[in-house]
Amino acid sequence: MGRLDLAVIRTRLLAHPGFAPELLALAAVEGIGPQAREWARGLREAYPDADPDGLARLATRRFVRWAGVGGATAAVAGLFAPLAELAAVLWTQSALVLHVAAAYGRDPADPERAVELLVLTRVHPDADSARAALDAARAADGPGDGPWSRAAEATWRLAAPLAAQAGGWAALRLAARLLPGAAVLATAAGDAAATDLLAARAVASYRPARTGS
């Protein structure tokens with residue numbers, strides 16, 4: 001999967017923790033979008049009879065499996081471990097959405113995909129609020145307080161969409177225990193189901209409306 005350097009992403013999130021999901025969405029479109037576009041192009045050339053639904057199913061299987069291991073591949077520890085774990089889960093979910101978009105002929109590197117990512121992952125309720133938040137994230141300047149408070153704020157903002165996707169008080173209680181660093185592993189381990197539901201929403205969003213005969 002295409003990726004920006006994890007340290008670069010972490011630096012962006014810590015510099016502006018209040019915009020953590022928005023910055024991650026922008027980074028995903030920048031880092032994953034071109035690879036998702038090439039993935040879809042390569043499969044269409046190799047399998048010209050493959051339909052968009054088939055490509056979307058391939059992407060779903062791939063990234064739901066990766067979400068099952070959550071942030072176990074995150075290459076940081078200690079103070080930033082919860083932030084890295086959550087970012088890894090949401091990075092995988094972003095990759096899923098961008099590959100599904102590519103499967104249905106949308107350009108996954110188009111900045112509009114960042115808007116759709118924030119809506120599909122339920123960070124924002126609609127495209128207008130997502131677009132406004134992205135504009136604010138792009139314009140943001142000046143870091144927050146010390147490293148711990150910035151890591152904590154970014155962690156909470158990244159935990160919110162996962163809790164919203166999972167639904168229910170249990171997920172929120174797990175998110176409340178993230179800062180010590182242990183419960184985030186349990187949260188990540190349970191995200192395959194949430195990612196599968198996200199795949200269904202992405203397919204419904206990107207699949208062209210079927211017309212009657």
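Every number here is computed from the coordinates shown, using simple stated rules; none is lab data. Remember, it's a predicted structure, so these values are computed and weren't measured experimentally. Positions of Cβ are backbone-derived with ideal geometry, glycine not excepted, and every protein chain shown enters the neighbour counts.
Here are some notes:
- In Hz, Karplus ³J(HN,Hα) per residue of the range 21-27 (6.51, -1.76, 1.60; θ = phi - 60°; x = Gly, Pro): x, 5, 5, 5, 5, 5, 5
- Highest average first, the peptides 9-22, 51-64 ordered by how many other beta carbon atoms sit within 10 Å of their residues are 9-22, 51-64.
- Simple spin-label estimate for ALA200 and GLU30 in nanometres, 7 Å along Cα-Cβ: 3.4
- Label-to-label distance, nm, for residues given as GLU38 and VAL8 (7 Å Cα→Cβ offset): 1.4
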